[in-house]
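Data first, discussion second: the structure below is written as structure tokens.
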Amino acid sequence: MTILRVENLTMRFGGLVAVKDLSLSVEEGEILGMIGPNGAGKTTAFNMISGYYKPTEGQVFFQGQNITGLRPDQVCNRGLTRTFQVVKPFSHLTVLENVMVGAYAHTNKNQVARDKAREVLDFLGMGDKTELLAGGLPIALRKRLEIAKALATEPKMLLLDEAMAGLRPRETDEVIELVRKVSKQGVALLLVEHVMRVIMSLADRIVVIHHGEKIAEGEPQAVVRDKTVIDAYLGEAQVDA
């Protein structure tokens, strides 16, 4: 069953067309990867899907309901949550308090939010970090905290925007395993990544965007052999690696 359907999304900023006529869908429990060069429009697409931008044209449907134009908090309350490429935790709050902020999406009770935050942190292997100040965390834990805040909102679908950018190979492998754990909980995922081994190891399907337009879509092995994709983004060296 389709959980997310995007139809003909277009975003114009004055004379600049950042995304043009983008259509895609994600099935329940599926992991869809989105790749493309810097400036291709991937984050703009995320911003439209999650309510941060109102599309110039097109529509977004989540669980069969039209959510186009809803505010980000309304989209989140429907069960569609995103992370951000540049992680910005509440630096003066503890790790636990940061995750509680996400939990308040569905409760106004401090103890309920605290219990949910502890549950999520334990799930992500951060149960021993609860009292650390978020501002003092290294980048790998900040990335993990970003995912924790999103999971605390109890999403049915999660949009991950370069959740592994800047990580060392071992740290990347750890986050890959965390994403698999999240997926096994029944959460659908749409992820933007430049690290191709991440996309290839996680994605059931891949969508490729170039100059704001979708140029390819399909199973990972087929997409990375597509000449259009190689010429626009991957290059022969990366495909042959």
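We did not get these values from a lab; they are worked out from the coordinates using the rules stated. Values in this document were obtained by computation on a predicted structure and should not be read as measured data. Cβ placement follows ideal geometry from the backbone for every residue including glycine, while neighbour counts extend to all protein chains displayed.
Amide H contacts of MET34: LEU191, VAL192, GLU193, VAL207, each under 5 Å away and 5 or more positions distant or on a separate chain (H built 1.01 Å from N in the peptide plane; Pro and chain starts excluded).
What are the GluC sites (Glu not before Pro) within segment 1-88 that DSSP puts in a loop, where the Cβ has at most 14 other Cβ atoms within 10 Å? Don't jump to the answer; show the numbers that get you there.
Values: sites: GLU7, GLU27, GLU28, GLU30, GLU57; in loops: GLU28, GLU30.
Sites meeting the loop and neighbour criteria: GLU28.
For the chain, adding -39500 (n - 2.57) for each run of n ≥ 4 DSSP H residues and dividing by the number of residues yields -10000 deg cm²/dmol at 222 nm. With R₀ set to 22 Å, the beta-carbon distance separating LYS156 from ASN8 gives a calculated FRET efficiency near 0.40.
Give the percent of DSSP beta bridges with both residues in the chain that are antiparallel, rounded to the nearest 5.
Working: 21 of 37 bridges.
Expressed as a percentage, antiparallel bridges in the chain total about 55.
Length available on full extension from TYR104 to THR56: 0.36 nm per residue minus the Cα-Cα distance, which gives 14.2 nm.
Apply the a/c threshold of 1.5 to the C-alpha gyration tensor of segment 91-138 and tell me whether it is rounded, prolate or oblate. Taking the square roots of the gyration eigenvalues as a ≥ b ≥ c, segment 91-138 is oblate. Magnitude of the charge dipole for segment 96-210, about its Cα centre and with charges confined to Cβ atoms of Lys, Arg (+1) and Asp, Glu (-1), is about 120 debye. Give the aspartates and glutamates whose C-alpha is closer than 20 Å to that of LYS116, dropping any in the same chain fewer than 8 places away, or say none. Those aspartates and glutamates meeting the cut-off are ASP73, GLU97, ASP128, GLU131, GLU146, GLU154.
Here the mean projected area of the convex hull built on the C-alpha positions of segment 111-207 is 6.4 nm². Let a ≥ b ≥ c be the square roots of the eigenvalues of the Cα gyration tensor of segment 49-198; is it rounded (a/c under 1.5), or, if not, prolate (a/b larger than b/c) or oblate? Oblate, because a/c is 1.5 or more while a/b does not exceed b/c. Once the trypsin sites (Lys or Arg not before Pro) in DSSP loops with at most 15 neighbouring Cβ atoms within 10 Å are cut out of the chain, the longest remaining piece is 110-224.
Each Lys and Arg Cβ is given +1 and each Asp and Glu Cβ -1; about its Cα centre, the chain then shows a dipole of about 620 debye.
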